Amino acid sequence: MGYEIHAEKGFVNRGNLYRLKELMRRAERGDRITLAFLGGSITQGSASSQYTNCYAYLVYDWFVRRFPRTAFTYVNAGVGGTTSQFGVARVDEDVLAFKPDFVIIEFSVNDENTDFYRETYEGLVRKVYGNPFAPAVLLVHNMYYDTGVSAEEKHREIGSHYNLPSISMKPAIYTQVVSGNIDRRKITPDDLHPNSDGHALLAEVITYCLDQIYAWRNEVEEAFSMPEPLTKNAYEGAIRLQNCNCTPVCEGFAADDTPKKYVNDMFRCGWSASEQGAKICFETEGSEIAVQYRKSAKHPAPAAVAVVDGEEENAVTLDANFEETWGDSLHIDTLARHIAPGIHKVEIRLTQTHENDVTPFYLVSLITA
């Protein structure tokens, strides 16, 4: 490949390595190990030529080659176009259900660099790191290749607070792009998703750090205790309400009983409606409420409004028309944040339909915490 990068500079926070060292000692003994990768489209492998060329699989392959006596299970829970707000709500089903021994979390180009996403990211980190199976956690920060933009600043605040090992592609790869030593078009087609060469560079940075940890694996290190939250931490207990685990009152909305086949098969287990005036009503407990629905790349599509506790003046418009063309978007709109805890009513009703609507309005889930 021949790209010169600074892999050694990517290890931006050494953190507490107790769990990673223990993971490697277990792998040397031949214990069964489950490796999980949670993130957006980069983790999913978008723009790589095949799934075995994505960074997640290449990191899995490093473990397989490093510990040939061990049986590894590979769990790729990357879902394109999604943030840590959704990640914390789905991590139980998509990652923790597999009892992982090692989890990479990658959301720095999906989240915005705001306090809101610092809080959702903290909820996700706490839910994974605090799991009873005590997985080793590694944080990975990607960026846009043309601007360097990412949520790394806010995410690294969380990584430092929890003393977690963290890897950044900015000092390792992006600086080489900025200096002109790497033509970014050689490693990404769109300044966001790495191609196969780009994924190989990501994996090179990560496995360089894993090699360092492997060399230190027998050095004694004390376990790190969970600290108090850095933020209000309202999202650690986030859950998704779908037709498999709740029964809202429906008038014109029909439950979708199509089975979900794989982790990216996201437009399942929700409710759909086509007629103006159709509505669906939930009662839910918590202080954070968000609605997840399909934005369609094919137009026209319906529009709806979501109202919390009957406050029509604060209604949120849910426009199912997606203005980009790469595909349908699994979109989230936040309806309420840090409101008084307790039981709240959420009503979603169709306010605009068209005779030639290409698709019905599809409500994927209500996310509450």
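The values are calculated or read from the model by the stated rules, or taken from the named source; none is laboratory data. Quick caveat, the model's predicted, so the values are computed rather than measured. Using ideal geometry, Cβ is built from the backbone for each residue, glycine included, and neighbour counts are taken over all protein chains shown. Quick note on the areas: whole protein, heavy atoms, side chains included, nothing else; ligands and nucleic acids left out. Shrake-Rupley method; radii C 1.70, N 1.55, O 1.52, S 1.80 Å.
Rundown of residues vs (1) closer than 27 Å to Lys21 by Cα; (2) open to solvent by 40 Å² or more (accessible area, probe 1.4 Å); (3) without any contact (Cβ under 8 Å) to a residue 60 or more places away in the chain, yes/no style:
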site: Val125; (1), (2), (3): yes, no, yes
site: Pro135; (1), (2), (3): yes, no, no
site: Ser150; (1), (2), (3): no, no, yes
site: Lys154; (1), (2), (3): yes, no, yes
site: Tyr162; (1), (2), (3): yes, no, no
(message) What's the number of the only condition in (1) under 23 Å from Gly286 (Cβ atoms); (2) at pLDDT 95 or above; (3) part of a loop (DSSP other than H, G, I, E, B) that Ile182 fails to meet?
(response) (1)
(message) The conditions are (1) open to solvent by 40 Å² or more (accessible area, probe 1.4 Å); (2) not in a loop (DSSP other than H, G, I, E, B), and Phe37 fails exactly one of them. Which is it?
(response) (1)
(request) Identify all residues within region 229-255 that are among the acidic types (Asp, Glu) and either crowded, with 16+ Cβ neighbours inside 10 Å or at pLDDT below 95 (or both); write none if there are none. (result) Glu236
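In region 327-340, what residues are of a type in the set (Gly, Ala, Ser), assigned to a loop (DSSP other than H, G, I, E, B) and open to solvent by less than 60 Å² (accessible area, probe 1.4 Å)?
Of the residues in region 327-340, the ones of a type in the set (Gly, Ala, Ser) are 327, 329, 336, 340.
Now drop any that are not assigned to a loop (DSSP other than H, G, I, E, B), which leaves 327, 340.
Result: Gly327, single match.
Count, please, the residues in region 273-283 that happen to be in a strand (DSSP E or B) and either under 17 Å from Gly252 (Cβ atoms) or open to solvent by less than 10 Å² (accessible area, probe 1.4 Å) (or both). Reasoning before the result, please.
Our first condition is that a residue be in a strand (DSSP E or B); within region 273-283, this holds for 273, 279-283.
With the extra rule that they be either under 17 Å from Gly252 (Cβ atoms) or open to solvent by less than 10 Å² (accessible area, probe 1.4 Å) (or both), the set shrinks to 273, 279-282.
Residues meeting the conditions: 5.
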(message) Quick test of your reading of the structure: Gly148 fulfils all but one of (1) under 22 Å from Ser329 (Cβ atoms); (2) small (Gly, Ala, Ser); (3) part of a loop (DSSP other than H, G, I, E, B). Name the failing condition by number.
(response) (1)
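Do you know which residues across region 259-271 are surrounded by fewer than 19 Cβ atoms within 10 Å (Cβ to Cβ) and modelled with pLDDT of 95 or more?
So the first thing to find is which residues in region 259-271 are surrounded by fewer than 19 Cβ atoms within 10 Å (Cβ to Cβ), and the list is 259-265, 267-268.
Selection gives Arg268 alone.
Here is a list: Glu324, Glu355. Which entry is open to solvent by 50 Å² or more (accessible area, probe 1.4 Å) and within 22 Å of Glu112 (Cα to Cα)? Can you show your working first?
On the way: Glu355 fails: within 22 Å of Glu112 (Cα to Cα).
None of the other options fit; the residue is Glu324.
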(request) List every residue pair whose Cβ atoms lie under 9 Å apart, where the two residues are 6 or more positions apart in sequence or sit on different chains, the first residue falls within region 98-121 and is open to solvent by 10 Å² or more (accessible area, probe 1.4 Å), and the second residue, located anywhere, is in a helix (DSSP H, G or I) and of a type in the set (A, V, I, L, M). (result) Asp101/Leu23; Asp101/Ala27; Val109/Ile42; Asn110/Ile42; Arg118/Ile158
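Within region 166-184, does at least one residue satisfy the condition of being of a type in the set (Asp, Glu) and either touching a residue at least 40 places away in the same chain (Cβ under 8 Å) or under 15 Å from Gly39 (Cβ atoms) (or both)?
Taking region 166-184 as the starting set, the residues that turn out to be of a type in the set (Asp, Glu) are 183.
With the extra rule that they be either touching a residue at least 40 places away in the same chain (Cβ under 8 Å) or under 15 Å from Gly39 (Cβ atoms) (or both), the set shrinks to none.
No, the conditions are met nowhere in region 166-184.
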(message) So, in region 137-148, how many residues would count as being open to solvent by less than 10 Å² (accessible area, probe 1.4 Å) and within 17 Å of the chain's Cα centre (by Cα)?
(response) 7
